[in-house]
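The values are calculated or read from the model by the stated rules, or taken from the named source; none is laboratory data. Because the structure is predicted, anything quoted here is derived from the model rather than measured. As a convention, Cβ positions derive from the backbone with ideal geometry for all residues, glycine included, and neighbour counts pool all protein chains shown.
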């Protein structure tokens, strides 16, 4: 079975024309920007999970300027927590329900 490649946001890594204004507004309000994502269907396996975390090892961000949070499913939480936190990424979990509740 071949797992699909992780989905990526089309605008990831692009600052856009209003990046400076957003940063100025956030600083003026005394708030730190938050970058977050959840894993409803990604990654499909625990190996994919460890591969994804390994890929993030090369990423850099200034934790003083931005909070980075990922929200894996409860199944992936044990695989993710220690490694993500060692990279400065905060971890939350999510509730996934087949009933929509």
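The figures follow:
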{"item": "Single residue of region 89-101 satisfying the filter (part of a loop (DSSP other than H, G, I, E, B) and surrounded by 14 or more Cβ atoms within 10 Å (Cβ to Cβ)) that is modelled with the highest pLDDT", "result": "89"}
{"item": "Top-ranked residue in region 56-69 [being at pLDDT 90 or above and not in a loop (DSSP other than H, G, I, E, B); ranked as farthest from the chain's Cα centre (by Cα)]", "result": "67"}
{"item": "Residue match in region 40-55 (condition: closer than 25 Å to residue 20 by Cα, modelled with pLDDT of 85 or more, touching a helix residue (DSSP H, G or I) at 6+ places or on another chain (Cβ under 8 Å) and surrounded by 13 or more Cβ atoms within 10 Å (Cβ to Cβ))", "result": "no"}
{"item": "Selection within region 57-86 - out of contact with any strand residue (DSSP E or B) (no Cβ under 8 Å at 6 or more places or on another chain) and surrounded by 15 or more Cβ atoms within 10 Å (Cβ to Cβ)", "result": "76, 79, 83"}
